[in-house]
1. Any idea which of LEU77, LEU19, LEU85, LEU43 is out of contact with any Lys or Arg (no Cβ under 6 Å at 6 or more places or on another chain), surrounded by 13 or more Cβ atoms within 10 Å (Cβ to Cβ) and under 16 Å from VAL138 (Cβ atoms)?
2. Count, please, the residues in segment 46-71 that happen to be crowded, with 20+ Cβ neighbours inside 10 Å and either over 18 Å from the mean Cα position of the chain (by Cα) or in contact (Cβ under 8 Å) with a residue 40 or more places away in the chain (or both).
3. Considering only residues of segment 1-20 that are outside any helix (DSSP H, G or I) and at pLDDT 95 or above, which is farthest from ASP126 (Cα to Cα)?
4. For segment 131-143, does any single residue satisfy the condition of being assigned to a helix (DSSP H, G or I), surrounded by 16 or more Cβ atoms within 10 Å (Cβ to Cβ) and of a type outside the set (Ser, Thr, Tyr)?
5. From the list ALA79, ALA34, which one is of a type in the set (Gly, Ala, Ser) and part of a loop (DSSP other than H, G, I, E, B)?
6. Which ones in segment 100-119 are over 24 Å from LEU43 (Cα atoms) and in a helix (DSSP H, G or I)?
7. Against the condition among the hydrophobic types (A, V, I, L, M, F, W, C), under 25 Å from GLU131 (Cβ atoms) and in contact with a helix residue (DSSP H, G or I) (Cβ under 6 Å, 6 or more places away or on another chain), how does ALA24 come out, does it pass?
8. Looking at segment 87-96, is at least one residue more than 17 Å from ILE49 (Cα to Cα), without any contact (Cβ under 8 Å) to a residue 40 or more places away in the chain and in a helix (DSSP H, G or I)?
Amino acid sequence: MTDEETTGLLLDTHIWIWLMNGDADRLSQSTVSAVERAANSGLLHVSAISLWEVAMLESRGRIRFTRDCLDWVRQALGAPGLHLLPLSPEVAVASSRLPGSFHGDPADRILTATARVHNLRLVTYDERILEYGASRYVAVLGH
C-alpha cells in the first residue's frame, strides 16, 4: 500500500453531503475508491464545521433533506469508518494563519486548517481550495 492510500482523508462539506445522500456518481471513481479505502481503514474524517455548514445550508433552503436536519446529521455521522474532528484550539488559531493567499470563507479556512493540523488530505471539488492545494499548502484530493 502506498502512503497516498494510507493517508487519512477529511471530507469537504459538499463531498460529505453527496456521499451521504447517495450522489457518489458526482465524484470520480478514483475519489470514491480513496474514500472507501480510508473508511475501511478508519481514516475518514469530517470536521465539526461541516455540521454547522450543513445546518446553515438547510436553514437557508440551499439543500433539502427528506428528514429533520439533526436526524440527517446524526445518521451521516454514523457512516462506517467516519470520525468527527472537533474544532480544537490548534485548528481555530491555524485557520487565522494559513500560509500563502487564501480566501476569507470561515468554513473553508477551518476545513483547510483541520486538514493541515491533522495531516489529512482534504477531499474537495471546490476550485479555490484545489488551487490552494496546487501551491502545496494543503494536500487535496479532487477531480
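1. On the way: LEU77 fails: under 16 Å from VAL138 (Cβ atoms); LEU19 fails: under 16 Å from VAL138 (Cβ atoms); LEU43 fails: under 16 Å from VAL138 (Cβ atoms).
Answer to the selection: LEU85.
2. 5
3. From segment 1-20, those outside any helix (DSSP H, G or I) are 1-2, 7-12; that's our starting set.
Checking which are at pLDDT 95 or above leaves us with 8-12.
Numbers: GLY8: 19, LEU9: 15, LEU10: 13, LEU11: 11, ASP12: 8 Å.
Among those that are outside any helix (DSSP H, G or I) and at pLDDT 95 or above, it is GLY8.
4. Within segment 131-143, one or more residues are assigned to a helix (DSSP H, G or I), surrounded by 16 or more Cβ atoms within 10 Å (Cβ to Cβ) and of a type outside the set (Ser, Thr, Tyr).
5. Going through ALA79, ALA34 in turn, the sole match is ALA79.
6. The answer is PRO106, and nothing else.
7. When the stated conditions are applied, ALA24 passes them.
8. Here is the first cut: in segment 87-96, the ones more than 17 Å from ILE49 (Cα to Cα) are none.
Taking every residue of segment 87-96 in turn, none turns out to be more than 17 Å from ILE49 (Cα to Cα), without any contact (Cβ under 8 Å) to a residue 40 or more places away in the chain and in a helix (DSSP H, G or I).
The values are calculated or read from the model by the stated rules, or taken from the named source; none is laboratory data. Because the structure is a prediction, the values reported are computed rather than measured. Here Cβ is always computed from backbone atoms with ideal geometry, including for glycine, and neighbour counts include all displayed protein chains.
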